[in-house]
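These notes concern the structure reproduced below.
Read-outs throughout are calculated quantities, based only on the coordinates presented, and are distinct from any laboratory measurement. Given the structure is predicted, the values throughout are model-derived calculations rather than measurements. Methodologically, a virtual Cβ is constructed for each residue, glycine included, from the backbone with ideal geometry; neighbour enumeration extends over all protein chains shown.
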Amino acid sequence: MAEIETFIWDKEHECMGEDERRELVGKRLVDCVRRTYANAPYYKKKLDQAGITPDDIKGLDDIEKLPFTDKLDFRDNYPFGTLAVPRDQLVRFHASSGTTGKMKVVGYTANDVELWSEALCRSFAMGGMKKGDLVHIAYGYGLFTGGLGPHYACQKYGSVAIPVSGGNTARQIQILTEWKPEVICCTPTYMLHIIDTIEKNEMDKSQLNLRCGFFGAEAWTHEMKDQIESRIGLQAFDIYGLTEIVGPGVGCSCQHCQDQIHIQSDFFWPEIVDPETGKPLPEGELGELVFSSVMKEGVPMIRYNTHDLTRIHYGKCACGRTTPRIDKITGRADDMLIIRGVNVFPTQIETAVMRYKEVLPHYMIYVDRVNNLDVISVKIELNPNQFPDTMKGLEKLTKSIEGDIASITGIHAKVQLVEPRSLPRSEGKMVRVIDSRFKK
């Protein structure tokens, strides 16, 4: 695997003491609440209904007094009702998919774009990006934040963006082998698709010069990370973010806590709350991740419930940073499948699938209701170089995977092994679940 040298981009803020950070964020929160209350009518109404005024918020200890925001605020105030500045102060809009077909529209001021770039530069330093590195950006450009966010951050960092965008895998591979970028940014499933294509065409992987990759925009497991690293020889980092808060760069893993993500908490203050009660949970307990983007101007979101499920950890990391860390996202509460009363996350099934060298990391989950009973099945592509060559061997492999899925999730799923490259691929976020229970 490629060797990398990392460093800390902003030691003052990434390594500050906990009390100092809380005081700083508290001041920023007070200012953010006042700005948003004065300039975003939807938020004034929300606070008025809760019986709260900006004067009630004097520091970070008062954050629990504030009501939550969530994706419904974007839906109910579509398209521009969440803005906290006049449009002549904006420089850009981004948007992500939302409920009932309405996008979550986010406006950015010039300061917001600078803040975003700063957060991404901290992430890039965690992964050992160097000035002058060629950065192959295969996230989509446009309303999606994945392309333009890293693009402008590269300019601030001193690296060189290659704005390939998504799609046209043959051209992607041509650039990767001929231009020889050191860094790649894309979804983990698309990285696997690129690797599959290289291996299918029996190309020489030594033509690649990739040292590190920043992968995000979808939940992925440690097992998938291991697959990417072992098959292509780079070091993979988990970059986390969401459009509603700013985009990619809200957090990133480092070399020392590769199953955890450092949160840029002086910009985006994290909380973990109980999904049922909304009460804050202590360190190490699983709950929903909530952010307050205390420095955003265009669309500051205060106590925004992402519904991502994770745990939070405090204390100094071996890398030297003192920023709070969250575990890799288990899943999103609204992505959770309830199968015969059991909560199941797609990442749990992925963990079982990735244990087997006889199959590829390409699978689809199908949920249906038969005779009033929920049923779940999983199609998994066979590895053309590893799968059993007898029917008895295939049956044994199928039963073994079914057993592991049952052990991890607590439910039985019917496994169907299918031919390589027979399942859909994605150049962006991968849709792995087709739930037909409510479509009939």
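Fully extending the segment from residue 372 to residue 44 would add 113.5 nm, taking 0.36 nm per residue of separation and subtracting the current Cα-Cα distance.
Among 11-22, 122-133, sorting by the average number of other beta carbon atoms lying within 10 angstrom of each residue, highest first, gives 122-133, 11-22.
Going by how many other Cβ atoms sit within 10 Å of their own, how do 436, 293 line up, fewest first? The partial results should precede the final answer.
Working: 436 10, 293 23.
Ascending number of Cβ neighbours within 10 Å: 436, 293.
Rounded to the nearest angstrom and listed largest first, the equivalent-ellipsoid semi-axes of segment 1-132 from its Cα gyration tensor are 31, 22, 14. Backbone N atoms of segment 374-411 closer than 13 Å to the 7 Å Cα→Cβ label point of residue 418 belong to residues 377-382. Label separation (residue 383 vs residue 62): 5.8 nm, computed from points 7 Å beyond Cα along the C-beta direction. Between the Cα long axis of helix 41-50 and the first principal axis of the chain there is an angle of about 80°, rounded to the nearest 10.
Each label point was placed 7 Å from the Cα along the Cα-to-Cβ direction; for residue 314 and residue 177 their separation is 5.2 nm.
Note on the chain: with charges restricted to the Cβ of Lys and Arg (+1) and Asp and Glu (-1), its dipole about the Cα centre is near 960 debye. Computed from phi, the 3J(HN,Hα) profile of segment 58-75 under the Karplus parametrisation 6.51, -1.76, 1.60 (θ = phi - 60°) reads 10, x, 5, 5, 8, 4, 5, 6, 7, x, 6, 10, 7, 4, 5, 5, 5, 5 Hz, with x in place of Gly and Pro.
Volume per residue, Å³, of the convex hull around the alpha-carbon atoms of segment 337-435? Display every interim value, and only then the final one.
Working: hull volume 9.9 nm³, N = 99.
Considering the Cα atoms of segment 337-435, their hull volume per residue is 100 Å³.
From the alpha carbon centroid of segment 137-212 to that of segment 363-417 is 32 Å. Each of 257, 185 was scored by other Cβ atoms within 10 Å of its Cβ. Arranged with the fewest first, they read 257, 185. Placing one equal scatterer on every Cα of segment 126-247 and applying the Debye formula, the log10 ratio I(q)/I(0) at q = 0.11, 0.12, 0.19 Å⁻¹ is -0.33, -0.39, -1.04.
Which whole-number percentage describes the relative contact order of the chain, with Cα contacts under 8 Å and a sequence gap of 6 or more?
Details: 896 pairs, mean separation 61.6, N = 440.
Normalised by residue count, the contact order of the chain is 14 percent.
Taking 0.36 nm per residue of separation and subtracting the Cα-Cα distance, what length does fully extending residue 286 through residue 203 add?
Numbers: separation 83, 0.36 × 83 = 29.88 nm, distance 4.33 nm.
Difference between extended and current length: 25.6 nm.
Helical runs assigned H by DSSP (4 residues or longer) give the chain a calculated mean residue ellipticity at 222 nm of -9500 deg cm²/dmol, each run adding -39500 (n - 2.57) before division by the residue total.
Taking the highest mean first, how do the peptides 80-86, 52-58 order by number of other beta carbon atoms within 10 angstrom per residue? Walk me through the numbers before you get to the answer.
Working: 80-86: 18.0, 52-58: 14.9.
Output ranking for 80-86, 52-58: 80-86, 52-58.
Spatially close Lys pairs in segment 337-435, defined by Cα atoms under 23 Å apart and a spacing of eight or more places or different chains, total 13. Restricted to Cα atoms, segment 193-283 shows a radius of gyration and a Dmax of 16.8, 54 angstrom. Here the gap between residue 407 and residue 390, fully extended at 0.36 nm per residue and compared with their Cα-Cα distance, gives a gain of 3.5 nm.
Go through 180/205; 180/328; 27/71; 45/279; 71/104 and tell me which ones have a Cα-Cα distance over 18 Å in this structure.
Numbers: 180/205 11 Å; 180/328 30 Å; 27/71 26 Å; 45/279 22 Å; 71/104 7 Å.
Over 18 Å Cα-Cα: 180/328; 27/71; 45/279.
The residue list 337, 13, 159 was ranked by how far each Cα lies along the charge dipole of the chain toward its positive end, using unit charges on Cβ atoms, and 337 comes out on top.
Taking the Cα centre of segment 4-104 as reference, the dipole from Cβ charges on Lys and Arg (+1) and Asp and Glu (-1) amounts to some 740 debye. Rounded to two decimals, the Cα radius of gyration of the chain over 2.2 N^0.38 Å is 1.00. The relative contact order of segment 61-208 comes to 18 percent, based on Cα pairs under 8 Å that sit 6 or more residues apart. Residues whose amide H comes within less than 5 Å of that of residue 297, counting only those at least five positions distant or on another chain, are 109, 112 (H built at 1.01 Å from N in the peptide plane). Look at the dipole of the chain built from charges on Cβ: of 417, 66, 287, the Cα furthest out on the positive end belongs to 417.
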